[in-house]
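Worksheet: one structure, shown below.
The values are calculated or read from the model by the stated rules, or taken from the named source; none is laboratory data. Values in this document were obtained by computation on a predicted structure and should not be read as measured data. Neighbour counts are summed over all protein chains in view; Cβ atoms, including those assigned to glycine, are modelled from backbone coordinates with ideal geometry. Please note that ligands, DNA and RNA were not included when accessible areas were found on the heavy atoms of the full protein model with its side chains. Shrake-Rupley method; radii C 1.70, N 1.55, O 1.52, S 1.80 Å.
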Amino acid sequence: MVTPLLKVVLTEDDGPVRERLARIVHEWPEAELCAACATLEQTLAAIEADEIGLLITDLKLPDGSGIDAIRFLARRRPEAEAIVISVLADERSVLEAIEAGASGYLLKDAAPIDLIEAIREVMAGRSPISSRIARVLVRRLSEHGGAPAGKEGDRPALTEREMDILWGIAKGFTYGELADNLGISRQTVPVHIRNIYRKLQASNRSEAVFEAARLGLIRL
C-alpha cells in the first residue's frame, strides 16, 4: 500500500527565502507542496482549497500574522499540524504561536535537513523547537513557577563527557564542533547524544535541553 504524500502549504513573504524553503519541501519525496504563499490572504485561501496536513508559516506577513493562519488552520483543518519558521525569537511571539496551535518552532537559519527532520517529528506527534526557543520556554517556566526541578536522587546520572556534550547541545554546536571542542571523534558524538536522549527521555536536542534545564542539570 502506497503511503499518501503529506500535503503542505508554505507561507513566507520574502521571495528568496520562500523559494529556498519551497525547494526543500518540493524535493522531499514524502511531501507535496500544494502552495507557496506570500500573504495571509493567499494562505487562508490555500488552506480552504485543499485538505492539507501541514502548514509551515512565517509570523510577520504584509497583511497580517502567521498566527492568524495557524488559528484558521485549527478551525478549518483541526487534524493538520503547523510549524513556525521565523526570525522572531522573543517570548511573546513564541508563546502566541504555540498557544495558537503551532506544534514546532524553528528559526530561519535552520538547515534543510533540520526542516525535514522537524516535519517528520511534528507528524510523529512530537514538538521540534530550536535551542534558542527552548531557552525562551525554560525561562518562562522558571518565572511563572513551572514544574520544579527534580530532587538530586531523581535526576538521571550523566557522565562527565555526556554533561560536556549536553552543554554543547544547549549552545547549538554541531556534531563536528562538539567533536573538535572536546577532542573526540565525530563518530563518538552521536553515541553520547543517544545516551543523553535515553537518560532524559528526550527525542531531540531541544527536548533534551528543556528537560535538563527543568531538572536543574544545566542553567540557561
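Among the residues of the stretch 85-107, at least one is over 24 Å from PRO16 (Cβ atoms), open to solvent by less than 10 Å² (accessible area, probe 1.4 Å), under 12 Å from the mean Cα position of the chain (by Cα) and not polar (S, T, N, Q).
Does the stretch 64-72 contain any residue that is within 16 Å of PRO128 (Cα to Cα), in contact with a helix residue (DSSP H, G or I) (Cβ under 8 Å, 6 or more places away or on another chain) and free of Cβ contacts under 8 Å to residues at least 40 places away in the same chain? No, that holds for no residue. Selection of the stretch 162-202 for residues being touching a residue at least 24 places away in the same chain (Cβ under 8 Å), closer than 16 Å to ASP114 by Cβ and of a type in the set (A, V, I, L, M, F, W, C) yields ILE169, ILE193. One residue stands out in the stretch 108-131 among those that are under 15 Å from ASP58 (Cα atoms) and in a loop (DSSP other than H, G, I, E, B): the one that is most open to solvent (accessible area, probe 1.4 Å), namely ASP109.
For LEU95, indicate whether it is part of a helix (DSSP H, G or I) and closer than 24 Å to PRO29 by Cβ.
Values: part of a helix (DSSP H, G or I): yes; closer than 24 Å to PRO29 by Cβ: no.
So LEU95 fails the test.
If you go through the stretch 63-84 and keep only what is out of contact with any Ser or Thr (no Cβ under 9 Å at 6 or more places or on another chain), in a loop (DSSP other than H, G, I, E, B) and either of a type in the set (D, E, K, R) or open to solvent by 30 Å² or more (accessible area, probe 1.4 Å) (or both), you end up with ARG77, PRO78, GLU79. Number of residues in the stretch 160-213 that are open to solvent by 20 Å² or more (accessible area, probe 1.4 Å), among the β-branched types (Val, Ile, Thr) and over 18 Å from ALA134 (Cβ atoms): the value is 3. Of the strands (runs of 3 or more DSSP E) contained entirely in the stretch 1-62, those carrying at least 2 residues that are within 19 Å of the chain's Cα centre (by Cα) and surrounded by 14 or more Cβ atoms within 10 Å (Cβ to Cβ) fall at 6-11, 54-57.
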